[in-house]
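The values are calculated or read from the model by the stated rules, or taken from the named source; none is laboratory data. Remember, it's a predicted structure, so these values are computed and weren't measured experimentally. Positions of Cβ are backbone-derived with ideal geometry, glycine not excepted, and every protein chain shown enters the neighbour counts. With ligands, DNA and RNA removed, areas are computed over all heavy atoms of the protein, side chains included. Shrake-Rupley method; radii C 1.70, N 1.55, O 1.52, S 1.80 Å.
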Amino acid sequence: MKYLLYYAFFIILFTNNTIAQEVTEIQTKYTTHNKGKFFISWGGNRDSYSKSDITFRGKDYNFTLENVPAHDKPKGWHVDYINPSRMTIPQTNFRMGYFVSDHYSVAIGVDHMKYVMSQNKAVDINGYYPNPGSYDELLANNQVLLTEEFLKYEHTDGLNYINTEFSRHDDISSIFKIGNIDKIQVNLTEGVGFGFLYPKTNTTLLGKERHDDFHVSGFGTSLKAGLNVTFFKHFYIQGELKGGYINMQDIRTTQSTEDSASQDFFFFQRIIAVGGIFRI
């Protein structure tokens, strides 16, 4: 009888443990843990830039334009964002990454921004160049008007910030009283990034023939914060605000390797992207 009681106790204990494990597995959602998951996203951006001093150097010229304004070149809602043959025309963001833990990820990506110097603005100038006044540019008080004949200056194919990001992710679904996070999950994300600039610069300078190839021109660093909404475990939409600093000291401007430009400035991006998250 004593052995039967021991046996019955063992069976009950084993059964309870099995039931407890099954309940735990049922209660643990797929989206509870991120470690080991991959993600990929694609989206668009709008950009703002601080004013910057731009220096142009060549065999017979060396001058700096001060506090030059610039803007982006948005495409708006357009099929080009998903047309493989035209994806570089809009301002886009591509990112792929891996969760090294439940809360931290590493990713690589390209922020394809567009930078356009504002034309017909009056700016201060220091330095020299040949044939001043030949481009309808000279103004009083040591200023010039940024006419297209004098200077057209764009990184429109584009201002390519190729970067690595390290980010933190936190589930804040409970704030919105979401019960089943495998259906809808809301995450807060913050990150830091660094990388290099690989622009294709469109410059018409003093009537010279432009250089129109991609060229590694400098480096950048950035900080971001965003809100991620994941649907049915694997699909998400994410909005981000990203700010950073860009320093380009070797910008190609003409066909001559003697000609170059340099500048540094701050940027601010507003990004909306869609993506997927999965385990392989």
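Figures for the structure shown
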| item | result |
| --- | --- |
| Segments classed as strands (runs of 3 or more DSSP E), wholly inside region 202-280, with at least 2 members that are of a type in the set (D, E, K, R) and within 15 Å of the chain's Cα centre (by Cα) | 235-252 |
| Residue count for region 33-60, restricted to those that are surrounded by fewer than 19 Cβ atoms within 10 Å (Cβ to Cβ), more than 21 Å from the chain's Cα centre (by Cα) and over 20 Å from Asn187 (Cβ atoms) | 5 |
| Residue list for region 95-109, filter: within 16 Å of the chain's Cα centre (by Cα) and open to solvent by 50 Å² or more (accessible area, probe 1.4 Å) | Met96, Val106, Ile108 |
| Residue within region 69-84 that is at negative phi, of a type in the set (Phe, Trp, Tyr) and assigned to a strand (DSSP E or B) present | no |
| Pairs where the first residue, in region 233-248, is of a type in the set (Asp, Glu) and the second is open to solvent by 30 Å² or more (accessible area, probe 1.4 Å) and part of a strand (DSSP E or B), C-beta under 9 Å, 6+ apart | Glu240/Ala225; Glu240/Leu227; Glu240/Arg270; Glu240/Ile272 |
| Of all residues making up region 61-75, the number that are open to solvent by less than 20 Å² (accessible area, probe 1.4 Å), within 24 Å of the chain's Cα centre (by Cα) and of a type outside the set (A, V, I, L, M, F, W, C) | 1 |
| Filter pass, Thr147 being among the hydroxyl-bearing types (Ser, Thr, Tyr), touching a residue at least 60 places away in the same chain (Cβ under 8 Å) and not in a strand (DSSP E or B) | no |
| Verdict on Asn228 being polar (S, T, N, Q) and in contact with an Asp or Glu (Cβ under 7 Å, 6 or more places away or on another chain) | no |
| Residue within region 185-193 that is assigned to a loop (DSSP other than H, G, I, E, B), open to solvent by 60 Å² or more (accessible area, probe 1.4 Å), more than 18 Å from Thr92 (Cα to Cα) and of a type outside the set (Asp, Glu) present | no |
| Which listed residue is among the small types (Gly, Ala, Ser) and more than 30 Å from Ile237 (Cα to Cα), from Gly76, Gly133, Gly109, Gly97 | Gly133 |
| Qualifying residue in region 95-107 (condition: modelled with pLDDT of 95 or more, out of contact with any Gly (no Cβ under 6 Å at 6 or more places or on another chain) and closer than 15 Å to Gly158 by Cβ) | no |
| Residues within region 238-253 that are surrounded by fewer than 20 Cβ atoms within 10 Å (Cβ to Cβ) and in contact with a Leu (Cβ under 8 Å, 6 or more places away or on another chain), tallied | 2 |
| Among the candidates Lys152, Lys114, residue that is touching a residue at least 24 places away in the same chain (Cβ under 8 Å), in contact with a His (Cβ under 9 Å, 6 or more places away or on another chain), surrounded by 15 or more Cβ atoms within 10 Å (Cβ to Cβ) and of a type in the set (Lys, Arg) | Lys114 |
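Every residue, every condition in (1) out of contact with any strand residue (DSSP E or B) (no Cβ under 8 Å at 6 or more places or on another chain); (2) among the hydroxyl-bearing types (Ser, Thr, Tyr); (3) at pLDDT 95 or above; (4) open to solvent by 10 Å² or more (accessible area, probe 1.4 Å), yes or no:
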| position | (1), (2), (3), (4) |
| --- | --- |
| Phe196 | no, no, yes, yes |
| Leu206 | no, no, no, yes |
| Phe265 | no, no, yes, no |
| Ile272 | no, no, yes, yes |
